[in-house]
Amino acid sequence: MGLNESDTRAKLIDPAIHACGWTEDLIKREETAGPIEIIGGKARRRARGRVDYTLRVKAKPDTQPVAVALIEAKAEDLPPAHGLEQGKAYADARRVHVPFVFSTNGHLFVEYDRFTGKTSAPRPLAEFPTPAELRARYELHVGFRLDDPAAAPLLARYAGGEATRRYYQDAAIRAALEKIARCELAGQPPRALLALATGAGKTFIAVNLLKRIADAGQLRRALFVCDRDELRLQASGAFQNLFGADAAVVSAREPQKNARILIATYQTLDVADEGATANFLTNNYPENYFSHIVIDECHRSAWGKWSQVFTRNPSAVQIGLTATPRELELSARSAEAAADAQITADNVKHFGEPVYEYDIGQGIEDGYLAACEIRQGRVDIDQRAFTVDEILALNPVNPNTGAPATRDQLRELYEKTSYEDRILLPDRVYAMCRDLFELLLDTGGPQQKTIIFCVRDRHADDVARVLNNLYTEWCAEQGVERAEHYAFKCTAASSGGDYLADLRGSSSDYFVATTVDLLTTGVDVPAVRNIVFFRYVNSPISFYQMIGRGTRLDVASGKLMFRVYDYTDATRLFGETFLTKLRGPRKTSERPEGYDADEPPEPPVQVAGLEVGVTEAGRYIITLVDGKSTKVTVEEYKQRLAARLVAEAPTLEDFRARWIEAPDRETLLAALPDGGRSAQVVRLLDQMDDYDLYDVLADLAYGMAPRTRAERAGAFSYKHEGWLAAMPKPAALTLRALASQFARNGTAELENPRIFQTPEVKRAGGLPALELLGKPNQILHETKERLFAA
C-alpha cells in the first residue's frame, strides 16, 4: 500500500522539489480557518482547514515573496493528475491568484497553466521547474519584471508580518498591485476593482495595500472613502494601527490636510447623492490632490455625484472595493434591477473587470464566514391580488385617521409588492410575525439577535409592536423575566443609529431590529443569527448587502451559522447570473429603464379581517456548486455530503479506519463540501449536538444507527468488559476515564495532548498506567478502534 497524502508530501515531494531549488522560505502553507465545533455549549475550532501549498519567488533575499504556483499532493498510489480536472485547476488558480497549479504523487507531476489554459502530460518530479524558471514565466505573462520600479509595492513586506493575513486577502492585494503595475507601464489609468463578500475583511486589504505602496515610496497622499460613520469608525482604527498619526478622520469641520491618509464618508465629502453639491470636496482638495484613492462600497450607487472624487484626481491610482458579485440576475424587469445593472456596468467601465473575486460560498467553505441556512415561507394571500371591489367590501380605512376610504382613494388592483406600502394589512403582519416567532422558539429561543427588513417605516413600527406583544405573552406563559427592550425599530427616519451599539453589544435586550435600509451596509454585528425578509427585494446589490449582515462568525457567542427567514422569495437572487452590457456614465437626467416618474405620494389604506396563512416552502443551504454560490435544498446538501464521503471512503470500515487516524480524518473532512464545516452544519440542522461527528457522518452516508457521545462511551465500557478486565486495574480505569472525556467533548479530546493532565484521567492512573500495557500510542489507537466499533 502506497503512502497517504501527508506522507507522500513529507517523504517524496518535499525532498524532490527542494533539490530543484524550492527551499523552505519559498514554500508557504496557506491554511484556512477550518470548522468550528460547538461542544458543551462552547465554540472552538477543531480539525484544521484546507492547506494550500503555494510556491513563491523572491526578487531579493529581503523582499516579500510573490506567490506564483500552487502544488497539490496526491497519495502515492493515485495518478498524479487525480482530481485535477481543468475546471478545478482553473478555480484553484483563481482562488489563490497564481498562474500555475501542479499536482503530483511524489513520482510524476502534471502542470496546469492558467495563462494558456493547458494541462501538461505527466513528467518525472526530478524535472520540476526551478524558482528562476517559474519567475521568468510569471514575469513574461504579467507583463513586467519583479525588479521594475512599478512592481516595488509587490516586493514590500507586510508591516506586521504575514501571521494575521488570510490567503485570499494576500491574493487580492497581489492582484491589485499587479494590475496597477501593468497599467503604469502601459501608460493606462491605474485602476483596479476587488469583489469580496461582506465579512471577508476588505478594510484589512485596503489598509495593507496602501501601506505596502507607501513603504515602496510611491504614496504621496491617499483618500479612503466609505459609506456612513459606522464604517469610517471601523476603518480609522485599522488605518491608525499601521499609519499612526499619518491617518486621520475627515469631518465637516476638519478636512485633515496635514494627514497622509484621509478617511472620509461620501456624506462628509458632500457627494452622497445627486442632490449634493460636492462643495466640501472641491473647496478643500484641489485637483490631483490625492495620489491614491480607495472607494469602499463602490456599488452603493450608479455613476453619480461621487464620481467627482475620481474625476478631480485623474492621475491617482484608483481602487474600488465591492461586496457584490460581478454577475447578477435580472430575472424580472424592475427599476431596482435595472439600476443594479447600471451600477455594475459603471464600475466595470471605469475599473475594468474585477481582478479578484471572493464570494460568500467560498468564504463559507473556507471557514471564514458563517454557514447559511434558508427557511422559506409562503404567505397565501401574496399569491393573489385584490381588486378595488374586494378592498371596498372589507371596509378600508385611512390608517392615520381611521376615516373610511372611498373608491376614488383606491387603486384598481393591489398586488403583493403593494402590501405594507400602499395598503396596510395588519392580519398579514401578525401572521408573518407569529410564524417567525415560532421558528425562533424552535431554533434556540426568542432572544436571538435578528434583523428584519421591512417595506417602509410604518411597517417596521408594526412589526416591532407585534413581536413585542408576542414576546410579552410568551414570557408570561413561561414565567420568565421579560427583557425591557426586545424588538425595536432601527431606521434612518427614527434615528435608529442610536441603537446600533445596543444591538451589537447588549446580551440582555435589543434582540430584534426592524429596519428598512439603515442596516443594509456598514454595520458590523457578528452576533446576528437571523436575517428576515418581510419585504420584496428586486435589487441583487441590496440583497447581497442585507445577507452580509449575518455572514460574520462570532465564536464568543458560539455562532457558527446564521439563518435567513425568507417570506418574499428574496433568496431567488442567490446563484443567478447575468452579464451587464457596458455603457458610459449615465447622465444625471437619465432614469433606469422602467423607472416611474416622481408622483405625489398617495395615502395608504388599511384593511383588516383577512384570513392569512403562512406555510413552509422549503429549507435550503448556501454552498458552492461549480464554483458559484448556490441555494440547494437541505436534503440535496446532505446527499452531496454523503456522496462525497462515500467516494472518499467507500465502506463504513474504510470510514472508521480513516477517522481513527487524525491526519487521515482531517484530509477526509477537508474533501467534503464546504470542508469540515458541512458536517458541523448537518449536526446543527438535525439537532444532534450530543453526537460526535463520527456518528453524524456514519448515519448520513452508511446508514449506521447513531449513538450519542455518552451512549458510545457507555457501549465501549460494557462491550469490551472482558478486554478491560484482563489488564491491570489502573490501566482499565484510565481507559474508562478517557472514554468519559470522549463523552464530554468528542473525538478531538482523545487527541488533546493535555488529556492526561485532566483530574479524572490523572486520578485513574494516567499515562504511567497505560505504559504498563506497552506503548501508550498503540493502546490509544486500539481504544479508538474499539470505541468507534462499539
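The values are calculated or read from the model by the stated rules, or taken from the named source; none is laboratory data. Being a predicted model, the structure only gives us computed values, none of them experimental. Neighbour counts run over all protein chains shown; Cβ positions are idealised from the backbone, glycine included. Side chains are part of the model used for accessible areas, which takes the heavy atoms of the whole protein and leaves out ligands, DNA and RNA. Shrake-Rupley method; radii C 1.70, N 1.55, O 1.52, S 1.80 Å.
Residue check: is ARG166 open to solvent by 30 Å² or more (accessible area, probe 1.4 Å) and within 25 Å of VAL309 (Cα to Cα)? Break it down into steps so the answer makes sense when it comes.
Details: open to solvent by 30 Å² or more (accessible area, probe 1.4 Å): yes; within 25 Å of VAL309 (Cα to Cα): no.
Judged against the criteria, ARG166 is not a match.
Among the residues of the stretch 524-538, what is the count of those that are open to solvent by 10 Å² or more (accessible area, probe 1.4 Å) and modelled with pLDDT under 85?
Of the residues in the stretch 524-538, the ones open to solvent by 10 Å² or more (accessible area, probe 1.4 Å) are 524, 526-527, 529, 535-536, 538.
The next check asks that each one be modelled with pLDDT under 85; those that pass are 524.
Residues that pass the stated criteria total 1.
Condition first: more than 27 Å from the chain's Cα centre (by Cα), touching a residue at least 12 places away in the same chain (Cβ under 8 Å) and open to solvent by 60 Å² or more (accessible area, probe 1.4 Å). Can you find one or more residues in the stretch 422-442 that meet it?
yes
Looking at this structure, is LEU242 in contact (Cβ under 8 Å) with a residue 40 or more places away in the chain and open to solvent by less than 30 Å² (accessible area, probe 1.4 Å)?
It is false that LEU242 is in contact (Cβ under 8 Å) with a residue 40 or more places away in the chain and open to solvent by less than 30 Å² (accessible area, probe 1.4 Å).
Please go through the stretch 14-52 and pick out each residue that is in contact with a Leu (Cβ under 7 Å, 6 or more places away or on another chain) and modelled with pLDDT of 80 or more.
ALA16, TRP22, LEU26, ILE27, ASP52, listed by residue number.
Identify all residues within the stretch 694-733 that are in contact with a helix residue (DSSP H, G or I) (Cβ under 7 Å, 6 or more places away or on another chain) and among the hydroxyl-bearing types (Ser, Thr, Tyr); write none if there are none.
TYR694, TYR702, SER717
Of everything in the stretch 396-407, what is free of Cβ contacts under 8 Å to residues at least 60 places away in the same chain, in a loop (DSSP other than H, G, I, E, B) and more than 47 Å from the chain's Cα centre (by Cα)? Give them in sequence order.
Matches in the stretch 396-407: ALA403, THR406.
Out of all the residues in the stretch 138-161, which are assigned to a helix (DSSP H, G or I) and open to solvent by 70 Å² or more (accessible area, probe 1.4 Å)?
Taking the stretch 138-161 and keeping what is assigned to a helix (DSSP H, G or I), we get 138-142, 149-155.
Selection gives LEU140, HIS141, PRO149.
Kindly indicate the residue of the stretch 86-137 that is part of a loop (DSSP other than H, G, I, E, B), in contact with a helix residue (DSSP H, G or I) (Cβ under 7 Å, 6 or more places away or on another chain) and not hydrophobic (A, V, I, L, M, F, W, C) and also surrounded by the fewest Cβ atoms within 10 Å (Cβ to Cβ) among those meeting that condition. Spell out the reasoning first.
Initial filter on the stretch 86-137 (part of a loop (DSSP other than H, G, I, E, B)): 97-99, 105-107, 114-117, 120-122, 128-130.
From what is left, the residues that are in contact with a helix residue (DSSP H, G or I) (Cβ under 7 Å, 6 or more places away or on another chain) are 97, 99, 105-107, 114-115, 128.
This time we only want the ones that are not hydrophobic (A, V, I, L, M, F, W, C), so: 97, 99, 105-107, 114.
Values: HIS97: 22, PRO99: 20, ASN105: 25, GLY106: 25, HIS107: 16, ARG114: 19.
If we take residues in the stretch 86-137 being part of a loop (DSSP other than H, G, I, E, B), in contact with a helix residue (DSSP H, G or I) (Cβ under 7 Å, 6 or more places away or on another chain) and not hydrophobic (A, V, I, L, M, F, W, C), then HIS107 is surrounded by the fewest Cβ atoms within 10 Å (Cβ to Cβ).
Within the set of pairs 6+ apart or on separate chains, which have a first residue in the stretch 691-707 that is under 18 Å from ARG786 (Cβ atoms) and in contact (Cβ under 8 Å) with a residue 60 or more places away in the chain, a second that is acidic (Asp, Glu) and surrounded by 18 or more Cβ atoms within 10 Å (Cβ to Cβ), and C-beta atoms under 9 Å apart?
As it stands, the answer is ARG707/ASP692; ARG707/ASP695, since those pairs meet every condition given.
Could you please let me know if ARG253 is at pLDDT 95 or above and open to solvent by 40 Å² or more (accessible area, probe 1.4 Å)? Break it down stepwise before answering.
Numbers: at pLDDT 95 or above: no; open to solvent by 40 Å² or more (accessible area, probe 1.4 Å): yes.
So ARG253 does not fit the description; no.
Looking at GLU599, is it at pLDDT 85 or above, open to solvent by 50 Å² or more (accessible area, probe 1.4 Å) and assigned to a loop (DSSP other than H, G, I, E, B)? Please lay out each step first, then the result.
Details: at pLDDT 85 or above: no; open to solvent by 50 Å² or more (accessible area, probe 1.4 Å): yes; assigned to a loop (DSSP other than H, G, I, E, B): yes.
No: the conditions fail for GLU599.
Taking the options GLU184, GLU178, GLU85, name whichever one is of a type outside the set (S, T, N, Q) and free of Cβ contacts under 8 Å to residues at least 12 places away in the same chain.
Values: GLU184 fails: free of Cβ contacts under 8 Å to residues at least 12 places away in the same chain; GLU178 fails: free of Cβ contacts under 8 Å to residues at least 12 places away in the same chain.
None of the others qualify; the one that does is GLU85.
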